[in-house]
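The values are calculated or read from the model by the stated rules, or taken from the named source; none is laboratory data. These numbers come from a predicted model, not from an experiment. Here Cβ is always computed from backbone atoms with ideal geometry, including for glycine, and neighbour counts include all displayed protein chains. To get the accessible areas, we keep the full protein, side chains included, count just its heavy atoms, and leave off ligands, DNA and RNA. Shrake-Rupley method; radii C 1.70, N 1.55, O 1.52, S 1.80 Å.
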Amino acid sequence: MAPSQENNRRRLGRACADAWLGLRRFLAPPVRGRRVAYAMLLLPVMLTTPASAQVSKEYQLKAVFLWRLAQFTEWPSDAFENPESPIVICVLGDNPFDGALSAAVSGETAHGRRFVVQLLRVIEQAKTCHILYTTSGAARQAKEIATALAGKSVLTVRDGSASASSFETMIVLISEQNKIRMRINLKAAVAARLVLDPRLLRAAEVIGE
């Protein structure tokens, strides 16, 4: 690896580590019920910094979200070819992470499985994913994605707004007032035979119960 590439990887790794410090409460048990758990995911995104840094910080945080979501999600055994198969995190459409996602999961595991990151251009490639992340542009294809993944145990995650419907998507990451929060469609997750940790549900707005 060239020195510039290694320096870039270290920079992204440090940035993701900083983001993870803000997510450590993700693991903490509830102290004062749902109100405290909900606050766990209300993390600051530095929207007052220059535009280029805005995107970087936001997607560094979302990269760590995806890694942590894997640790709080259980897939059925038939979602993997064998016990050594990795958890595949896919990004459909333009890649907004600029290497931050690969840096966030580098050397990490969930349920004893390593991670693989794949960038997809067409929906049909998503059938082998375990987590599928779509940006706001690709999210317009929500119904097509749901149809393509029917019967598959794929955790779908996308960007959204406070008014966005998450009927076709299991987890929506909502950026508002300099923070990121989650909206979870529990019915959709159950239909895909995914088990979400109660701590994750307590830290989110849950619909479809």
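Overview of results
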| read-out | value |
| --- | --- |
| Complete set of residues in segment 110-126 that are open to solvent by less than 100 Å² (accessible area, probe 1.4 Å) and not in a strand (DSSP E or B) | Gly112, Val122, Ile123, Gln125, Ala126 |
| Filter pass, Pro96 being part of a loop (DSSP other than H, G, I, E, B) and at pLDDT 85 or above | yes |
| Sole exception among (1) within 27 Å of Pro198 (Cα to Cα); (2) crowded, with 20+ Cβ neighbours inside 10 Å; (3) touching a helix residue (DSSP H, G or I) at 6+ places or on another chain (Cβ under 9 Å) for Phe97, by number | (1) |
| Residue within segment 157-178 that is at pLDDT below 90, among the basic types (Lys, Arg) and open to solvent by less than 50 Å² (accessible area, probe 1.4 Å) present | yes |
| Odd one out for Lys143 among (1) modelled with pLDDT under 90; (2) touching a helix residue (DSSP H, G or I) at 6+ places or on another chain (Cβ under 8 Å); (3) in a helix (DSSP H, G or I) | (2) |
| Residues satisfying the stated conditions in segment 62-84, i.e. within 15 Å of Arg199 (Cα to Cα), in contact (Cβ under 8 Å) with a residue 60 or more places away in the chain and of a type in the set (D, E, K, R) | Glu74 |
| Residue match in segment 7-16 (condition: surrounded by 16 or more Cβ atoms within 10 Å (Cβ to Cβ), modelled with pLDDT under 50 and under 16 Å from Leu173 (Cα atoms)) | no |
| Residue among Leu47, Leu43, Leu66 that is of a type in the set (A, V, I, L, M, F, W, C), open to solvent by 70 Å² or more (accessible area, probe 1.4 Å) and at pLDDT below 95 | Leu47 |
